[in-house]
Amino acid sequence: MLQYPRVFRIRQKFQCPQVDDVAGEVQRQLARLELHRRVLAGQSVAITGGSRGIANIAVIVRAIVGHFRNLGANPFVVPAMGSHGGGTAQGQEEVLRSYGIVEEFVGCPIRAGMETVVVCRTSEGFPVHFDRHAFGADHVVVVNRVKPHTRFVGDIESGLMKMLLIGLGKCEGAAVYHRAIQDYSFGQIIRSVAGEVLKKCRILCGLGIVENAFDQTARIEAVRPEEFEDRERGLLALARLWMARLPFDRVDVLLIDRIGKNISGTGLDTNVVGRKFDDHKAVDGELPKVKVIAVRGLTPETHGNAIGLGLVEFCRSRVVREMDLPATRLNGIVAGHVSGAMLPLDYETDREILDLALGMVGLAEPPDARLMWIHNTLDLHEIECSAAYLDEARQRADLEVLTPLRPLPLDSEGNLLDWR
């Protein structure tokens, strides 16, 4: 029987600002914009609801709804998530429901639909799609987390600007823009489309959210439409500074308990695993460098969407059984990332995967391999690491060694125990 690396647990120490009163901060930020000067009693306000697992998102949406109720307006929520939720209105409403965004809690209707209005054409010649319900509203409030994108690099990545085109563009718009990326840069497309939306679609304001390394709300900022681009740059810089990372830059085998759309748009955050530019390896200058990734399961919140499996080498067979194949394929096609929906080699047990993976990492003998085991790419506070990292971990002030070395906890069937 193959001898596996022994492991120990570490705790990472991160810079972690946090908003203590989330609802109160939402109210303070919106009040700062003096929206009562623009929003009249009886007017409708569409509030975007995305597919990401944003901390406190239901509380945030409820606070926004309350603010506009107090102004005498009629707010409602529109799903703004491109092709997610299987590309259906019912599926997108179910995604919101899984995050607690339901009428009974947030205090306003949910208007889900996949129809769009073609607002205009960009200077490049492709159509600008916008959710029909939102287009019919007197005002639109854009809500999203600002963070590094999983496939593109720039001073604007994933946040308010992206929500204007991919989220509110629904399935049709997302498909058009991802096709356009074959001919134009991400930066050009996002500025071109967002510029038209800001001019023509009654965007009232945005609410940018930045999270810390513990997936907690670190900052909330209300932004005027004309300031979207400038403020998003600043919020993105904070997101990069505060995001969680793997503690070591060289990894032979990375075990991930769960991937899912609530974790990342690509199921697993490519900024964390070092596969932003190539599905199966880090490019020159990119860190960390991970040789083999194995996925053990899907999050319940992903509703079977297993996008991201194409970025890993191995998975448990249960992942393949749990996946919603049509939803996963649709996400890959619309996103222009077909390889992200492809299947890795799957095996029933963790032991089978470990036996194969540890034989693919070069000259290191299995007991000496650099192995890490994480819950998901958002939850990186505590990590199981193999003995190869122990000496360095003991010397670093940003790491706390929590346990002595011990065997990998495989049960009698050859599977790791669920993460604790």
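Based on the alpha carbons, how large is the Rg to Rh ratio for segment 33-242 when Rh follows Kirkwood?
On the way: Rg = 15.8 Å, Rh = 16.9 Å.
That ratio is 0.93, to two decimals.
Suppose every K and R has +1 on its Cβ and every D and E has -1 on its Cβ; what is the size of the dipole of segment 303-361 about the Cα centre, in Debye to the nearest 20?
Values: 5 positive and 8 negative charges, 39 e Å.
Roughly 180 debye for segment 303-361.
How high is the relative contact order of the chain, in percent, with contacts defined as C-alpha pairs under 8 Å that are six or more residues apart? Don't skip to the end; give the middle numbers.
Numbers: 947 pairs, mean separation 86.8, N = 420.
The normalised contact order for the chain reaches 21 percent.
If amide hydrogens are placed 1.01 Å from N in the peptide plane, which non-local residues have theirs closer than 5 Å to the one on GLY50?
Answer set, sorted by chain and number: ALA80.
Does the chain come out rounded, prolate or oblate by the C-alpha gyration tensor, with a ≥ b ≥ c the root eigenvalues, rounded set by a/c under 1.5 and, if not, prolate when a/b is larger than b/c and oblate if not? Write out the running numbers ahead of the final one.
Details: a/c = 2.07, a/b = 1.75, b/c = 1.18.
Prolate is the answer for the chain, as a/c is 1.5 or above and a/b outweighs b/c.
In whole Hz and in residue order, list the ³J(HN,Hα) couplings for segment 135-148 that follow from phi through the Karplus curve 6.51 cos²θ - 1.76 cosθ + 1.60, θ = phi - 60°; x for Gly and Pro.
5, x, 7, 6, 8, 10, 10, 9, 10, 6, 7, 9, 7, x
Could you go through segment 163-169 in sequence order and give the Karplus-derived ³J(HN,Hα) for each residue, using 6.51 cos²θ - 1.76 cosθ + 1.60 with θ = phi - 60°, rounded to whole Hz, and x for Gly and Pro?
Listing the rounded values in order: 5, 5, 10, 6, x, 6, x Hz.
Normalised by the number of residues in segment 33-242, what is the relative contact order in percent for Cα pairs under 8 Å and 6+ residues apart? Walk me through the numbers on the way to the answer.
On the way: 420 pairs, mean separation 45.4, N = 210.
Taking the mean separation of contacting Cα pairs over the length of segment 33-242, I get 22 percent.
Mind sorting MET1, MET360, MET243 by how few other Cβ atoms lie within 10 Å of their own Cβ, fewest first?
If I rank by nearby Cβ atoms, fewest first, I get MET1, MET360, MET243.
Mind running the shape call on segment 1-130? Use the C-alpha gyration tensor, a ≥ b ≥ c as the square roots of the eigenvalues: rounded below 1.5 for a/c, prolate if a/b tops b/c, oblate otherwise. Walk me through the numbers on the way to the answer.
On the way: a/c = 2.11, a/b = 1.41, b/c = 1.50.
Judged from the Cα gyration tensor, segment 1-130 comes out oblate (a/c at least 1.5, b/c at or above a/b).
What is the helix-to-structure angle for 228-242, meaning the angle in degrees between its Cα long axis and the longest Cα principal axis of the chain, kept from 0 to 90 and rounded to the nearest 10?
20
On C-alpha positions alone, give me the angle between the axis of helix 57-70 and the longest principal axis of the chain, in degrees, nearest 10.
10
Distance cut-off 26 Å, Cα to Cα: go down the list LYS200/LYS276; LYS261/LYS289; LYS162/LYS291; LYS200/LYS261 and report the pairs above it. Mind dumping the intermediate values first?
Working: LYS200/LYS276 33 Å; LYS261/LYS289 23 Å; LYS162/LYS291 31 Å; LYS200/LYS261 30 Å.
In this structure, LYS200/LYS276; LYS162/LYS291; LYS200/LYS261 exceed 26 Å between Cα atoms.
Would you mind ranking LYS261, LYS281, LYS147 so that the residue whose beta carbon has the fewest other beta carbons within 10 Å leads the list? All intermediate terms of the calculation are to be shown ahead of the outcome.
Details: LYS261 28, LYS281 12, LYS147 25.
With the fewest neighbours first, LYS261, LYS281, LYS147 line up as LYS281, LYS147, LYS261.
What shape does segment 228-288 have by the C-alpha gyration tensor, where a ≥ b ≥ c are the square roots of the eigenvalues, rounded means a/c under 1.5, and otherwise prolate means a/b greater than b/c and oblate the rest?
Values: a/c = 1.96, a/b = 1.54, b/c = 1.27.
Cα axes put segment 228-288 in the prolate bin.
Of HIS133, HIS178, how do they rank once you tally other Cβ atoms within 10 Å and put the fewest first?
Values: HIS133 23, HIS178 20.
With the fewest neighbours first, HIS133, HIS178 line up as HIS178, HIS133.
Compute the helix-to-body angle for 89-98: its Cα long axis versus the longest principal axis of the chain, expressed 0 to 90° and rounded to tens.
On a 0 to 90 degree scale, this one is about 60.
How big is the charge dipole of segment 41-151 about its Cα centre, in debye rounded to the nearest 20, if each Lys and Arg gets +1 on its Cβ and each Asp and Glu gets -1 on its Cβ? If you can, show how the numbers build up before the last one.
Numbers: 10 positive and 8 negative charges, 71 e Å.
About 340 debye.
Put +1 on the Cβ of each Lys and Arg and -1 on the Cβ of each Asp and Glu in the chain; which of VAL292, MET161, VAL197 then has its Cα farthest toward the positive end of the dipole?
VAL197
Highest GNM mean-square fluctuation, the chain, Cα pairs closer than 10 Å: which of VAL361, VAL292, VAL140?
It is VAL361.
Only four residue types carry charge here, +1 at the Cβ of Lys and Arg and -1 at the Cβ of Asp and Glu. Report the dipole size of the chain about the Cα centre in Debye, rounded to the nearest 20.
On the way: 50 positive and 54 negative charges, 194 e Å.
It works out to roughly 940 debye.
Read-outs: derived from the displayed coordinates by stated rules, not from any lab. The shown structure was predicted, so the numbers you read here are calculated from the model rather than taken from an experiment. FYI the Cβ positions are ideal-geometry reconstructions off the backbone, even for glycines, and counts take in every protein chain you see.
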